[in-house]
Amino acid sequence: MCRLFGFRSSVPAAVHPSLVTEKNSLLIQSREHKDGWGIAAYGVEAMPVVAHGVGPAHSDPDFERVSSRVSSHTVVAHIRLASVGAVELRNSHPFLHGRWSFVHNGTVRDFAKHRAAVEELICPTLRAGIRGTTDSERCFYVFLTRLAAVYPIARPVPVEGVARALAETMSLVSAITDVGESEKPRSAMNFLVTDGEVMVASRRNRSLFVSAGGMGELPAVGTRLEQLMVASESLCGSPTWVPVAEEDVIGVDAGLVFHKWRVPELSKDLPPGSPRHAA
């Protein structure tokens with residue numbers, strides 16, 4: 001298991017409290033989730049500035065140093081508790097491809113058994129970019145494959161297209177892994193992905209919370225926000241952290257308009273034996 005955090009704002013803002021000083025900050029959570037950390041921040045350039053570490057965030061001075069300096073309109077952060085793949089830099093989240101950054105909280109069920117089948121979902125050209133040994137990185141490349149089947153991924157993509165590719169990834173991977181032995185837990189796939197403009201997150205078999213500018217409930221679809229935060233756990237005791245429903249996908253578009261979908265609705269058009277590779 002791991003913990004993730006996403007921040008999207010209309011204006012650049014500091015995220016140091018969420019990462020370091022809140023009662024349940026990522027630094028505090030890293031006492032349990034101790035197998036590496038990563039922070040990606042988007043500034044004036046299209047590509048994010050990224051920092052990674054392989055030790056516990058709470059005992060790594062670089063984590064607090066980087067956190068204290070980040071002021072950005074889009075930030076993704078992650079602390080890792082290794083379940084698949086060794087504790088090494090190449091397995092630290094966020095995973096990156098061009099403008100896109102991706103983090104995962106959860107574990108793909110029986111990944112060693114299903115690794116080859118999951119990799120078959122990835123376009124061979126994209127598959128060559130995989131560097132680590134985790135289930136998470138492979139899910140990221142399945143997502144990129146689904147996205148690239150419809151959109152040029154080097155250009156801005158509509159938020160619904162991002163959400164659909166994320167939901168298709170969840171459905172395709174779970175169709176491989178969640179078979180037989182019904183007493184085993186389902187693959188857990190809380191994903192968070194952004195290109196610095198759109199930000200989309202999914203919930204499956206792990207907790208996920210949203211905070212949107214002091215609202216005590218999820219924003220209504222179509223609401224334009226000033227700020228959105230997404231986290232695996234509430235970062236403090238404030239009632240403004242609201243749970244996301246199981247099998248929901250939530251996100252904001254480039255204008256910070258809030259959207260919400262159901263995974264089955266987004267992936268319902270995936271026919272049996274659907275093409276697995278981007279054209």
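Values in this text are rule-based calculations from the coordinates and carry no lab data. Quick caveat: nothing in here was measured; it's all calculated off a predicted structure. In this analysis, Cβ positions are derived from the backbone assuming ideal geometry, glycine residues included, and neighbour counts consider all displayed protein chains.
Loop-located GluC sites (Glu not before Pro) in the stretch 13-102 (DSSP state not H, G, I, E or B) with no more than 14 neighbouring Cβ atoms inside 10 Å: Glu32, Glu45, Glu88. Within the same chain, aspartates and glutamates fewer than 8 places from Lys184 are excluded, and of the rest, those with a Cα less than 16 Å from its Cα are Asp110. Answer rounded, prolate or oblate for the stretch 69-149, using the Cα gyration tensor with square roots of eigenvalues a ≥ b ≥ c: rounded when a/c is under 1.5, else prolate when a/b is larger than b/c, else oblate. Judged from the Cα gyration tensor, the stretch 69-149 comes out oblate (a/c at least 1.5, b/c at or above a/b). Each of Ala167, Ala46, His259 was placed along the dipole of the chain (beta-carbon charges, centred on the mean Cα), and the one lying farthest toward the positive end is Ala46. Projecting the Cα atoms of Thr240, Thr223, Leu27 onto the charge dipole of the stretch 2-266 (Cβ charges, centred on the Cα centre) puts Leu27 farthest toward the positive pole. Calculated [222 nm] ellipticity per residue, helices only, for the chain: -6500 deg cm²/dmol; basis is -39500 (n - 2.57) per DSSP H run with n ≥ 4, divided by all residues, nearest 500.
Classify the stretch 2-266: rounded, prolate or oblate, from the alpha-carbon gyration tensor (a ≥ b ≥ c, eigenvalue square roots; a/c under 1.5 rounded; otherwise prolate if a/b is larger than b/c)? Rounded is the answer for the stretch 2-266, as its axis ratio a/c remains below 1.5.
How high is the relative contact order of the stretch 2-266? Use alpha-carbon pairs under 8 Å, at least six apart in sequence, and give a whole percent. 20 percent. Rounded to whole numbers, the Karplus 3J(HN,Hα) couplings from phi for the stretch 143-154 are 4, 4, 5, 5, 5, 5, 5, 10, 10, x, 6, 7 Hz, using 6.51 cos²θ - 1.76 cosθ + 1.60 with θ = phi - 60°, and x at Gly and Pro. Charging the Cβ of each Asp and Glu at -1 and of each Lys and Arg at +1, and nothing else, the dipole of the chain about its Cα centre rounds to 260 debye.
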